[in-house]
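See structure below.
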Amino acid sequence: ASLKDHLLSPLKHRHILPTPPILTQQPTSQECSIEMKSFGLLFLALVVATSHAFVVTPSQKPLKASTNLKMTVLAYGGKKKDFRPGSPLKSACASLGVKPRYNCKKGDCNSCVLSVGGSRMKPCIGKVPPEPKLKSLKEKGLEIR
């Protein structure tokens, strides 16, 4: 057997499947009605089966009240304000009246560095720190210098 015969042998021995019959008549209205009813029942079963996936169970805990949110108190020049931890330090400084010097506004030049509660931070890229754990710092607030 040549290489050509070997490569073409699967094509010679393939099985030809019969083609499905072509409908020559339109289905009757009764056949259409039966098909629509079975489709409707199938759709209804699918909706009922998936609807239980989105039911909220009463065992879930309710959301905490807004009074329990941890807010960081920042202080500057006698002013004290609450800020959400992780919010931009730049906007917090602006609302307290702090005007840091900016050069690059990307955090590269260190010209804007401020002391927030004793830690050096860059307000151009920094975030408001989390609430301190000490009770005295919670009351007085983190001093910005």
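Which of the residues spanning the range 93-107 are under 30 Å from the mean Cα position of the chain (by Cα) and open to solvent by 40 Å² or more (accessible area, probe 1.4 Å)?
Narrowing the range 93-107 to residues under 30 Å from the mean Cα position of the chain (by Cα): 93-95, 105-107.
Matches in the range 93-107: ALA94, SER95, LYS105, LYS106.
Answer yes or no as to whether VAL116 is open to solvent by less than 70 Å² (accessible area, probe 1.4 Å) and over 18 Å from LEU69 (Cβ atoms). Working first, answer last.
Numbers: open to solvent by less than 70 Å² (accessible area, probe 1.4 Å): yes; over 18 Å from LEU69 (Cβ atoms): yes.
Here the answer is yes, as VAL116 does meet what is asked.
Does GLY86 satisfy the criteria of being farther than 16 Å from PRO129 by Cα and either aromatic (Phe, Trp, Tyr) or without any contact (Cβ under 8 Å) to a residue 60 or more places away in the chain (or both)? Working first, answer last.
Values: farther than 16 Å from PRO129 by Cα: no; either aromatic (Phe, Trp, Tyr) or without any contact (Cβ under 8 Å) to a residue 60 or more places away in the chain (or both): yes.
For GLY86, the condition - farther than 16 Å from PRO129 by Cα and either aromatic (Phe, Trp, Tyr) or without any contact (Cβ under 8 Å) to a residue 60 or more places away in the chain (or both) - is not met.
Which members of the range 104-145 meet the condition of being among the acidic types (Asp, Glu), under 14 Å from THR72 (Cβ atoms) and in a loop (DSSP other than H, G, I, E, B)? Spell out how you get there, then give the answer.
At the first step, the residues of the range 104-145 found to be among the acidic types (Asp, Glu) are 108, 131, 139, 143.
So of that shortlist, the ones also under 14 Å from THR72 (Cβ atoms) come out as 131, 139, 143.
Within the range 104-145, just GLU131 meets the criteria.
For LYS90, indicate whether it is assigned to a strand (DSSP E or B) and surrounded by 14 or more Cβ atoms within 10 Å (Cβ to Cβ). So that I can check it myself, show each step before the final result.
On the way: assigned to a strand (DSSP E or B): no; surrounded by 14 or more Cβ atoms within 10 Å (Cβ to Cβ): yes.
Taking the combined requirement at face value, the residue does not satisfy it.
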Of the residues ILE125, ILE144, only one is within 25 Å of LEU69 (Cα to Cα), over 30 Å from the mean Cα position of the chain (by Cα) and surrounded by 14 or more Cβ atoms within 10 Å (Cβ to Cβ); which?
ILE144
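The values are calculated or read from the model by the stated rules, or taken from the named source; none is laboratory data. Quick caveat: nothing in here was measured; it's all calculated off a predicted structure. Glycine gets a Cβ as well: all are built from the backbone with ideal geometry, and neighbour counts include every protein chain shown. Remember, those area values only see protein heavy atoms, side chains included, never the ligands or the DNA or RNA. Shrake-Rupley method; radii C 1.70, N 1.55, O 1.52, S 1.80 Å.
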